[in-house]
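> Sharing a structure with you now.
What follows is calculated from the coordinates using simple rules that are stated; it is not laboratory data. Everything numeric in this text was worked out from a predicted model, so none of it was measured. Note that we place each Cβ from the backbone using ideal geometry, even for glycine, and neighbour counts take in every protein chain shown.
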C-alpha cells in the first residue's frame, strides 16, 4: 500500500483497486482511520482526537490531489506524493 504522505507520525496510504467510496487509510501506531475523500468523513476506525483532527484537516487541504490519486489507483498508475501537514 503506497504512502502518499506522512506527518507527525501519521502515514497516509492508498490501496490499488480498493473498494469504493474513494478513501485513504491514515495509520498512527496501533490506530487506523479510513477517511472518505468526498465528502470528508471518518468511515471507520479509531484514533486520538488530535490525530483525527489533523487527518481531517489535511484531507480537506488536499481533497483534489487525493481524488486525482484515487483515479490513478483505479487505473494502476503510480501515485503522486502529497505535501504533509505543517
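> Counting only DSSP beta bridges with both residues in the chain, tell me the antiparallel percent, nearest 5.
Values: 18 of 18 bridges.
Looking only at bridges with both residues in the chain, the antiparallel portion is about 100 percent.
> While we're looking at this one, here's another question. To make sure I understand, if each residue's beta carbon is the centre and we count other beta carbons within 10 Å, what order do 18, 68 fall in, fewest to most?
68, 18
> Looking at the range 1-45, what % of the alpha carbon pairs are farther apart than 13 Å?
52 percent
> Below 8 Å, C-alpha to C-alpha, sequence gap of six or more: please give me the relative contact order for the range 1-45 in percent.
Answer for the range 1-45 is 25 percent.
> Something else about it: Using the number of other C-beta atoms within 10 angstrom as an exposure proxy, rank 23, 62 with the fewest first. Provide the component values of the computation, followed by the final result.
Working: 23 24, 62 21.
Arranged by neighbour count, lowest to highest, 23, 62 become 62, 23.
> Pairs of Cα atoms under 8 Å, at least six residues apart: use those to get the relative contact order of the chain, whole percent.
Averaging sequence separation for qualifying contacts and normalising by length gives 28 percent for the chain.
> Please work out the Cα convex hull volume for the chain and give it in Å³ per residue. If you can, show how the numbers build up before the last one.
On the way: hull volume 7.0 nm³, N = 86.
Cα-based convex hull of the chain, divided per residue, equals 82 Å³.
> Residue 16 versus residue 61, label points 7 Å from Cα toward the beta carbon: distance in nm?
Modelled inter-label distance: 2.9 nm.
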